[in-house]
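The values are calculated or read from the model by the stated rules, or taken from the named source; none is laboratory data. These numbers come from a predicted model, not from an experiment. Using ideal geometry, Cβ is built from the backbone for each residue, glycine included, and neighbour counts are taken over all protein chains shown. Ligands, DNA and RNA are excluded from the accessible area calculation, which covers all protein heavy atoms including side chains. Shrake-Rupley method; radii C 1.70, N 1.55, O 1.52, S 1.80 Å.
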Amino acid sequence: MKNQNKVIEYNLEASVFNWEIAPGKTIEAWGFNNQIPGPVLKAKVGDTMIVRVTNNLHESTMVHWHGSRIPSGMDGTEIVQKAIEPGETFEYRFVVPDAGTFWYHSHHNETVQMERGMYGAMIIEDDSDPITDGDRIFMIDDMKLDADHHFTKPSWYIPRIKERHDGRQGNTLLINGKEDAVINMNAGQMERWRFINSSSARYFMLYMEGREFKIVGTDGGLLEKPRTVTEVLITPGERMDIIAGPFREGESFAIESLPYNRVTFLKAKRETFARVQIGEFKSSRAFIPEQLRTIEPLAPQDAPVSRTIKLSVGPSLKNGMDFLVNNDVHVNDQPVAIGELQIWEINNASLMDHPFHLHGFFFQVIEENGKAPSHLALKDTYNITPRTKVKIAWMPDNRPGMWMYHCHIIEHHAAGMMANFEVIDPNKPEKQTTVSNSVHCHA
Ligand code: C2O
Ligand code: CU
């Protein structure tokens with residue numbers, strides 16, 4: 001039986017504050033409620049969330065609820081709402097329909113606002129979640145700081161081109177806003193660890209010194225069956241929920257990222273984000289079923305393609321290079337109709353990786369370079385390697401309005417690799433999009 005649905009309210013204040021990422025190392029952060037990450041927003045499936053965002057920055061902002069299947073008007077992008085100006089408050093209100101690990105982040109001037117810390121986790125629980133001994137969130141980030149712990153802006157042509165090409169990959173590695181965090185856990189326990197990659201451009205290849213762990217969930221919630229691995233790639237925007245443990249008393253190991261070559265000027269290397277320290281034994285009450293849920297396949301591998309999307313990189317006189325969707329920047333793509341199954345073939349014609357993100361809907365990968373995937377999963381962000389074609393299937397449900405897709409390397413998104421499109425009700429011919437500013441109010 002479902003729990004009684006509740007209304008859950010949160011207040012988020014965006015502002016500039018000092019944040020200590022390590023003892024004696026303070027940065028000028030931008031974030032929510034004076035902390036990085038911002039507060040964890042929690043609810044149960046079916047609850048209504050009211051989140052009041054007050055902007056105390058000196059520039060406008062808006063907040064996107066990454067992965068949440070909510071109405072278009074609440075999606076937090078320029079095409080569906082007026083930006084929240086300094087001093088104003090905007091009230092976001094939506095029902096949370098899915099259990100899983102989601103997150104929120106600024107969707108305005110992201111190369112600055114996200115880089116400086118404007119993000120947080122949103123955890124939606126359900127009675128059908130596996131029983132574990134603990135639940136932790138690991139928000140992965142990196143910041144590019146100079147020797148005085150200041151954010152830099154590349155001023156010369158070449159460094160600027162490099163940052164545009166690679167995305168802004170930082171030298172300061174953070175988990176939950178802290179450098180060199182130590183995670184204490186009891187021996188004998190099995191915990192759910194929810195990894196969220198909130199960085200601008202870093203490819204995080206999770207590795208725990210060879211220890212096995214089970215992947216139980218990703219962007220759109222649980223997988224069908226746990227998958228035991230020793231490493232997994234988590235690209236910007238993506239989430240991976242794993243079961244960690246049981247470990248032995250006295251064990252200690254690093255949470256690392258293995259080198260992943262996504263074809264950048266920067267050389268891929270192995271780096272440590274945090275350490276885990278295992279303390280005394282505690283008995284476990286965890287129960288991880290072999291079948292976590294069932295996912296209905298949306299379409300067979302050979303379903304006919306309804307749209308092709310080409311991602312590429314082209315020269316630009318002004319910027320050195322542009323990041324393109326169908327040979328253009330900041331594209332308006334064709335509408336889709338409610339109830340019409342979408343089979344999109346995304347062709348990465350460039351020589352570097354791009355994490356493709358679709359707002360507001362989950363998709364299933366049905367084919368990658370001619371092959372069916374190893375398992376079903378509900379995704380909103382999926383990495384597309386160079387010279388690769390990925391076929392995805394998704395269903396526009398009854399949430400008409402404007403939506404978007406883009407590369408989640410924030411600098412690529414800003415450099416043009418994005419498109420808006422409309423979900424239309426085929427029974428109503430006229431343009432249906434309205435910009436939500438009805439609940440817009442001055443603080
Ligand atoms: Cu998490 Cu439009 O992005
Ligand atoms: Cu990209």
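Could you tell me the convex hull volume per residue, in Å³, taken over the Cα atoms of the chain? Numbers along the way, then the final one.
On the way: hull volume 66.9 nm³, N = 443.
Convex hull volume per residue, Cα atoms: 151 Å³.
Using a 7 Å offset from Cα along Cα-Cβ at His149, what residues in segment 35-49 end up with backbone N under 19 Å from the label point?
Once the point is set 7 Å along Cα→Cβ of His149, 35-38 turn out to lie under 19 Å by backbone N, inside segment 35-49.
Report the Cα centroid-to-centroid distance between segment 135-202 and segment 220-272 in angstrom, as an integer.
14
At a Cα cut-off below 21 Å, give the lysines reachable from Lys153, other chains included and same-chain residues fewer than 8 away excluded.
Partners found: Lys25, Lys144, Lys162, Lys267, Lys318.
Treating the beta-carbon of each Lys and Arg as +1 and of each Asp and Glu as -1, no other charges, what is the dipole magnitude of the chain about its Cα centre, to the nearest 20 debye? Display every interim value, and only then the final one.
Values: 46 positive and 58 negative charges, 111 e Å.
Result for the chain is approximately 540 debye, rounded to the nearest 20.
DSSP beta bridges in segment 1-127, what fraction antiparallel, as a percent rounded to 5?
On the way: 27 of 40 bridges.
The antiparallel proportion sits near 70 percent.
May I ask what percent, to the nearest 5, of DSSP beta bridges between residues of the chain are antiparallel?
70
What percent of all Cα-Cα pairs in segment 307-424 falls into each 10 Å bin, going from 0 up to the bin containing the maximum distance?
Per 10 Å bin, starting at zero, the Cα-Cα P(r) for segment 307-424 comes out as 14, 47, 31, 7, 0 percent.
Counting only C-alpha contacts under 8 Å and six or more residues apart, can you give the relative contact order of segment 342-416 as a whole percent?
Numbers: 135 pairs, mean separation 32.5, N = 75.
Across segment 342-416, relative contact order equals 43 percent.
As a test question: what accessible area, to the nearest 10 Å², does Thr385 have when a 1.4 Å probe is rolled over all protein chains in place?
40
Please give, to one decimal in nm, the separation of the simple spin-label points placed at Leu351 and Glu296, each 7 Å out from Cα toward the Cβ.
Taking the two extended label points, one gets 4.5 nm.
Mind ordering 129-140, 333-344 by average Cβ neighbours within 10 Å, highest first?
Sorting 129-140, 333-344 by mean packing, highest first, produces 129-140, 333-344.
Can you send over the carbon and sulfur percentage of the accessible area for the chain, probe radius 1.4 Å, protein chains only?
Working: 9220 of 18190 Å².
The value for the chain is 51 percent carbon and sulfur by accessible area.
Compare Phe151, Phe363 by solvent-accessible area with a 1.4 Å probe and give them largest first, with all protein chains kept in place. Don't skip to the answer; put the middle values down first.
On the way: Phe151 35, Phe363 0 Å².
Heavy-atom accessible area, descending, gives Phe151, Phe363.
Can you tell me the accessible area per residue over the chain, all protein chains present, probe 1.4 angstrom, in square angstrom? List each step's numbers first, then the result.
Numbers: 18190 Å² over 443 residues.
Heavy-atom SASA per residue in the chain reads 41 Å².
Can you put Arg399, Arg192, Arg211 in order of accessible area, largest first, using a 1.4 Å probe? Intermediate values should be presented prior to the final figure.
Values: Arg399 30, Arg192 5, Arg211 55 Å².
Sorted by accessible area, descending: Arg211, Arg399, Arg192.
Under 11 Å from a point 7 Å along the Cα-to-Cβ line of Val182: which residues of segment 269-306 have their amide N that close?
Label zone hits: 275-278.
If I model a spin label as a point 7 Å beyond the Cα along the Cα-Cβ vector, how far apart are those points for Asn326 and Glu251 in nm?
If labels sit at Asn326 and Glu251, their model points lie 5.0 nm apart.
As a test question: what accessible area, to the nearest 10 Å², does Glu20 have when a 1.4 Å probe is rolled over all protein chains in place?
We get 90 Å² for Glu20.
If a paramagnetic tag sat 7 Å from the Cα of Ile79 along the Cα-Cβ line, which residues of segment 383-421 would have the backbone N under 12 Å from that point?
It comes to 401-406, 418-421, nothing else.
If I model a spin label as a point 7 Å beyond the Cα along the Cα-Cβ vector, how far apart are those points for Glu271 and Val305 in nm?
The two pseudo-label positions are separated by 3.5 nm.
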